[in-house]
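The values are calculated or read from the model by the stated rules, or taken from the named source; none is laboratory data. Remember, it's a predicted structure, so these values are computed and weren't measured experimentally. Neighbour counts are summed over all protein chains in view; Cβ atoms, including those assigned to glycine, are modelled from backbone coordinates with ideal geometry. Heavy atoms of the whole protein, side chains included, go into the accessibility calculation; ligands, DNA and RNA do not. Shrake-Rupley method; radii C 1.70, N 1.55, O 1.52, S 1.80 Å.
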Amino acid sequence: MTFYLVDEILEDIDSNIEFGWPDTLAWAKDDSRAKAQIERSERLQRYVEQLSIPTSAAATQVAFEDDSTDDALAQNDSTDDALARDDLKRTYSIDTVVSTTSEFAHAQMVAQARTSEDPDFRVIGEGSCGIVFAQEGRSIVFKVAKHDPAQLHNDHRMHLRVSAAFDAHPVPGITIPQVRQFVEETETEFFPTKSKLVLRARSARCTIPTTVIVSDHILPLPERIRETLIEKYCDERVKDEARSNPHNKDCLARVYLGKPDTTTSNEHRDPANSRPRFFTLRNFPMYYARLLDMRFDCDKIAQCMGRALAVLHWEAGVDGRDVEFVLGSSSVKDPEYHFATAENQEDFYHRSIQLWMLDFNLVQEISRDSAGVDQAVHAWRTNDPYFPRPKKTSSPQWPSSPHFLVFMRSYLRASSEILRNERAHVRFLPFIFIHRIYWNQETDPFPVILPELWELLHRKAIDDRPDPLGWLTS
């Protein structure tokens with residue numbers, strides 16, 4: 001029998017993966033000291049054989065019970081609707097540059113030109129540990145700790161750690177806001193130069209001085225997309241109110257590949273019964289059905305998310321707890337752009353649609369062992385449903401996603417790339433993670449067998465000859 005290497009397993013993911021154990025294990029069967037280990041290895045063999053992955057054909061048949069597929073939506077479209085959807089797909093693909101003449105874009109351009117004035121700030125978001133202020137005319141934000149200055153220390157440390165990991169293993173299609181500055185509460189020169197920020201922060205009940213993270217501003221989605229979201233998903237009775245609400249200009253869309261549209265619906269349902277009266281575009285929930293409806297490439301998003309999670313786990317060494325994925329935009333910048341001297345270096349009239357990953361304040365370190373996998377699985381289970389969900393965790397509220405196979409392949413391939421030079425038992429950890437989330441297992445039923453088996457095989461390899469099995473270090 002052949003034990004498939006990581007790369008060979010990845011080649012077989014479109015069909016059911018079969019694991020076997022080398023006949024070379026026969027060397028230990030007559031050794032009384034190894035009988036217990038052999039018994040454990042046989043139990044592990046039965047355990048690993050449960051790692052059956054659905055074929056791509058079967059996986060693509062899994063769909064949300066209440067949602068139509070992309071093709072079904074297209075078949076039901078009128079000619080005008082089909083043309084509109086195709087236009088959406090061309091215009092709102094990730095990394096597409098969109099031209100806009102919105103009030104927001106104009107206001108940013110005007111503020112940018114006022115170089116002699118102290119720029120104003122406004123609240124654009126609030127979390128458990130800080131309040132986010134945007135600086136008018138600049139693509140930077142100031143996250144100010146609410147009360148405890150230490151609240152932002154982990155956020156800052158993990159943000160830098162994740163950014164370095166993404167530099168080492170880039171994830172095309174996902175952008176991380178760059179940290180520009182970290183201000184300690186003991187800093188004496190920062191706040192005297194930011195009088196308007198101090199005023200706004202104190203009015204928002206922040207204690208000054210405190211810690212501040214200065215980072216890139218994830219700009220809102222352009223006006224045309226905001227108008228489309230209001231037109232398609234807002235109750236007719238409050239559309240005018242939604243359009244006039246200034247808070248709706250700060251539109252970011254949370255990408256929920258793992259959750260159907262449970263509060264609103266596709267056009268064929270009764271809008272009077274299914275659409276809520278209250279409507280906001282701040283942190284707008286872009287459920288799977290809405291992503292299909294807006295013609296976003298869900299396979300591409302799933303692929304990006306799979307690689308991103310692998311980089312978080314095995315390069316950054318963190319669990320990814322409570323990280324967010326949002327659709328936003330960024331201004332087109334001059335090649336000489338620098339955040340501290342950005343006068344007339346940003347074009348807010350032309351913005352790139354991007355998928356962003358953010359929010360690292362709850363992220364924690366993990367180890368490259370079974371305890372680390374436990375922590376990663378728990379973070380997966382407690383996070384919002386950004387990632388596509390596997391079949392085994394399906395429920396009426398959390399249906400299976402047809403894009404989980406794409407996510408899984410991307411995660412395993414990136415993990416293989418990152419861990420290529422690690423010992424075999426470490427390279428196997430990503431498969432244990434996928435197995436655990438696929439079968440919805442909170443803990444590993446055999447938490448100690450895998451490391452012990454590899455230790456046994458490696459010890460025998462050292463005693464006899466280097467790597468007799470051919471896959472301990474390859």
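A cut-off of 5 Å between modelled amide H atoms, ignoring neighbours fewer than 5 places along the same chain, links Trp439 with no other residue. Could you report the accessible area of His106 in Å², rounded to 10, computed with a 1.4 Å probe on the protein chains as they sit in the structure? Result for His106: roughly 100 Å² accessible.
All other residues whose Cβ lies under 10 angstrom from that of Asn383 are scored, Lys and Arg at +1 and Asp and Glu at -1, for a net of -2. The portion of the accessible surface of region 192-258 made up by carbon and sulfur, rounded to a whole percent, is 49 (1.4 Å probe; DNA, RNA and ligands excluded). The heavy atoms of Met357 offer some 0 square angstrom of accessible surface to a 1.4 angstrom probe. Note on region 223-237 and region 144-170: Cα centroid distance 34 Å, given to the nearest whole angstrom. Counting Lys and Arg as +1 and Asp and Glu as -1 over every other residue whose Cβ lies under 14 Å from the Cβ of Ile176, the net charge comes to -3.
Pairs spanning more than 25 Å between alpha-carbon atoms, out of Lys239/Lys300; Lys232/Lys300; Lys232/Lys259: Lys239/Lys300.
Proximity of backbone amide H atoms, modeled 1.01 Å from N, is registered between Asn283 and Leu252 at under 5 Å, excluding neighbours fewer than 5 places apart on the same chain. Pairwise Cα distances in region 207-265 exceed 14 Å for 68 percent of all pairs.
For region 131-183, the C-alpha radius of gyration divided by 2.2 N^0.38 Å, with N the number of residues, is 1.29.
For the cross-link pairs Lys143/Lys194; Lys146/Lys333; Lys143/Lys249, the ones whose C-alpha atoms lie over 22 Å apart are Lys146/Lys333.
Across all directions, the average projected area of the convex hull around the alpha carbons of region 130-226 is 7.6 nm².
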